[in-house]
Amino acid sequence: MTDRFMKRIFLNLFVAASLFTFCGCEDYLNVESKSYLDDPAMFSDPETANGLLMNVYHAFGETNGYRSRMTPLFGCNTDIELRKDGYKNLSATAGDRYRLAVYTVTKNYNDRGFSDASSGKDCFSMQYAMIETCNLVIDGVRRHGDITKSSALGEILGEALTLRAFLYFDLIKYWGDVPARFSPADPKEIYMHKSDRSVIYDQIIADLGEAAQLVKWAGEGRYNSNVERVNKAFVKGLRARIALSAAGKALVRTDRDGHMAGDINPQTYSVGVNEGTIDYVFPNAEKRKEFYEIAKTEAMEVVAQNNHPLATNFQDIWVDVMNDVVTNGRESIFEIGFSPARGQIAHCFGNAHSGPDKYVMKKTASYLTAPATFWFDFDADDSRRNVTIVPYIYANQDDSKALEGGDPNGHQRPANLTEFSYGKYRPEYRTTRLENSGNDEGINFIVMRSADVYLMAAEAINELEGPNGENRAIDYLQAVRKRAFGGDGKMEDIDTSSKEAFLQAVKDERKYELGCELIRKQDLIRWGELSSSLKQLRRDVDNLRWQSDKYEEVPSYLWYKLAEDGETLITYGLEKGENKALADGITEANGWERFTLIDDADQTKSIPNNYLDGIYWDETCPAAELHAGNPDKRQLIPFDQNLLTSSMDYLVNDYGY
């Protein structure tokens, strides 16, 4: 390739797709296209500035934006969220989206679904396209707008700062250290080295502090009339979320280019120089305390404002999102909105429907599955379990496993232990049939809700004061548990004897409250527990199939029958201890059918060995390429070769890639 062609590719990485859309200009190097956006009138009027910012929201729905790539592909595997059939794709030739989930992706990955940088529409490039739009708005409003005279312009500025912080946070989570561009791209200065993520963390945390002074609470601003636009609660909640991650453990380069380990000053990444040592470390204690103080203050303010009160019923949150309810004043704080023809959230995260039925126009397979251990780990009294996890599959008349007498337009049938799916985004919650003739159905994705903020407050307060300090971390945890259990929230089960014990309680609560919301992976990384949690999951799944340890009372058989409606499955055997069917009158003579959960003669039929190998590697795995990798070393994604080439070697791979 010529230098000019490579420059065009790399500029496409950093110059927004919105420039192309907004200006209708094909030449990304044409300075006139940028000067067109330098018109003072464009940024002194909030309506035109808002028009440009809306390009970011539009880009959320692009294929390699958040429609079906940034959402389902990067948030797994965790100890509760597994890529569907990932364990069946452990060979060296497996598709990269599977290898990404099992932490075996290499620098040579090439999956056009998320890594086709030659087109400029891969996930990494799409993030920077959206960031560039934010940069244009921020720069334009600062230079040409007067936010002292127009609070609406101030809102636009704050919203752009918030969206940019959100986008950079995802870049940091998935790629680690990345280029830090906080001003519009200049065609004369296209190429950029990576920056320490600590530099980006400090910038976006400061930006969100500024944004909180500009953005209004939900419904009080000119533009935030619903949860599809940024509001102050999201600004503060996002600042708390980012601060907790910045305070946590991360895979970083230390002793880089001759600098001493622990030096947090930004340094240039160079080619052909000592690449440094890769380590998985926490920041220093002083910096951690600073971040926890930020998280505590912001989360407590969101809770105190109570613009987004906890829903009385956990299921109502998901009924609302599945029925396109976007009004303010509910638990949902911010959602990525999709038009009816875009977005694959129900397709990716909903429960399985084997084909067209009264709820869906076509099959939904779910990208994420829940390990059956998660179902049995829930307290049976926890109202969140049956909303979060679905232990059945919806069958239609063409399903070879359809039940006799079942409604041909859709009925529940038992699922194997490796087929449990998530149910928060289930089509059955809709009052009308899901319009998913393609894979797109337009269901929003909830980015943040109040329960998350309550638990962030509990975590940050506990770190600084302990569970029973002045600001009562325990009260924030209890508020979430009261909804789950009723009464006092079964607080007798919570150990408040020490900071460490209470932190474990918060960690567990986040697992049960936020499953399938793409929060768990980053939680585990920042706690330094991604690898150990997956290792424990492998042990738990093995114990489940042998019905040992805490799964000793899991039944071998599921007894079931259809309710009178011909659709709903009545079950016996999905609770620990439900293994006395005959004594309880559960027999075939009484209309029950028996389904094998765990084959007592050959447990590997129920949970295959390669299912375990796809969770975490151990010495029993048969070959190096047939197991999941070590997530402590492969928790970040490498740049693919197209990105490296088009960057003129300014970008380099780290972290063992």
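Table: residues versus (1) under 25 Å from residue 368 (Cα atoms); (2) out of contact with any Asp or Glu (no Cβ under 9 Å at 6 or more places or on another chain).
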position	(1), (2)
487	no, yes
514	yes, no
548	no, no
561	no, no
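Out of contact with any Lys or Arg (no Cβ under 7 Å at 6 or more places or on another chain) and modelled with pLDDT under 50 - does that describe any residue in the stretch 229-248? The answer is no; no qualifying residue exists. Residues in the stretch 416-459 that are closer than 30 Å to residue 299 by Cα and part of a strand (DSSP E or B): 422, 445, 446, 447, 448, 449. Residues that are open to solvent by less than 20 Å² (accessible area, probe 1.4 Å) and not in a loop (DSSP other than H, G, I, E, B) were ranked within the stretch 210-235; the one that is farthest from residue 503 (Cα to Cα) is 211.
Across the stretch 283-333, what is the total count of residues that are open to solvent by 70 Å² or more (accessible area, probe 1.4 Å), part of a helix (DSSP H, G or I) and over 18 Å from residue 451 (Cα atoms)? Residues that pass the stated criteria total 4. If we scan the stretch 525-543, do we find a residue that is in contact with a helix residue (DSSP H, G or I) (Cβ under 9 Å, 6 or more places away or on another chain), touching a residue at least 60 places away in the same chain (Cβ under 8 Å), among the β-branched types (Val, Ile, Thr) and under 23 Å from residue 315 (Cβ atoms)? No: the stretch 525-543 contains no residue that is in contact with a helix residue (DSSP H, G or I) (Cβ under 9 Å, 6 or more places away or on another chain), touching a residue at least 60 places away in the same chain (Cβ under 8 Å), among the β-branched types (Val, Ile, Thr) and under 23 Å from residue 315 (Cβ atoms).
Just the residues that are surrounded by 22 or more Cβ atoms within 10 Å (Cβ to Cβ), at pLDDT 85 or above and either in a loop (DSSP other than H, G, I, E, B) or aliphatic (A, V, I, L, M) (or both), please, taken from the stretch 57-100. Matches in the stretch 57-100: 59, 75, 76, 77, 78, 79, 80, 81, 82.
List the pairs whose first member sits in the stretch 348-371 and is more than 13 Å from residue 427 (Cβ to Cβ), whose second member is of a type in the set (Phe, Trp, Tyr) and modelled with pLDDT of 95 or more, and whose Cβ atoms are under 8 Å apart, counting only residues at least 6 apart or on separate chains? Partner pairs satisfying both residue conditions: 368/422; 369/420; 369/422; 370/420; 370/422; 371/420. For residue 489, are the conditions met, namely being at positive phi and at pLDDT 95 or above? The answer is yes for residue 489.
Could you check, for the stretch 260-274, whether at least one of its residues is of a type in the set (Phe, Trp, Tyr), at pLDDT below 70 and open to solvent by less than 50 Å² (accessible area, probe 1.4 Å)? Within the stretch 260-274 (the criterion being of a type in the set (Phe, Trp, Tyr), at pLDDT below 70 and open to solvent by less than 50 Å² (accessible area, probe 1.4 Å)), the answer is yes, since at least one residue qualifies.
Of the helices (runs of 4 or more DSSP H) lying entirely inside the stretch 460-574, those containing at least 1 residues that are touching a Phe, Trp or Tyr at 6+ places or on another chain (Cβ under 7 Å) and under 23 Å from residue 295 (Cβ atoms) are 473-485, 499-514. Against the condition on the phi < 0 side of the Ramachandran plot and either touching a Ser or Thr at 6+ places or on another chain (Cβ under 7 Å) or modelled with pLDDT under 95 (or both), how does residue 514 come out, does it pass? For residue 514, the condition - on the phi < 0 side of the Ramachandran plot and either touching a Ser or Thr at 6+ places or on another chain (Cβ under 7 Å) or modelled with pLDDT under 95 (or both) - is not met.
The values are calculated or read from the model by the stated rules, or taken from the named source; none is laboratory data. Because the structure is a prediction, the values reported are computed rather than measured. Reconstructed Cβ throughout: ideal geometry from the backbone, glycine too, with neighbour counts over all protein chains shown. Just so you know, the surface numbers come from the protein's heavy atoms only, side chains and all, with ligands and any DNA or RNA stripped out. Shrake-Rupley method; radii C 1.70, N 1.55, O 1.52, S 1.80 Å.
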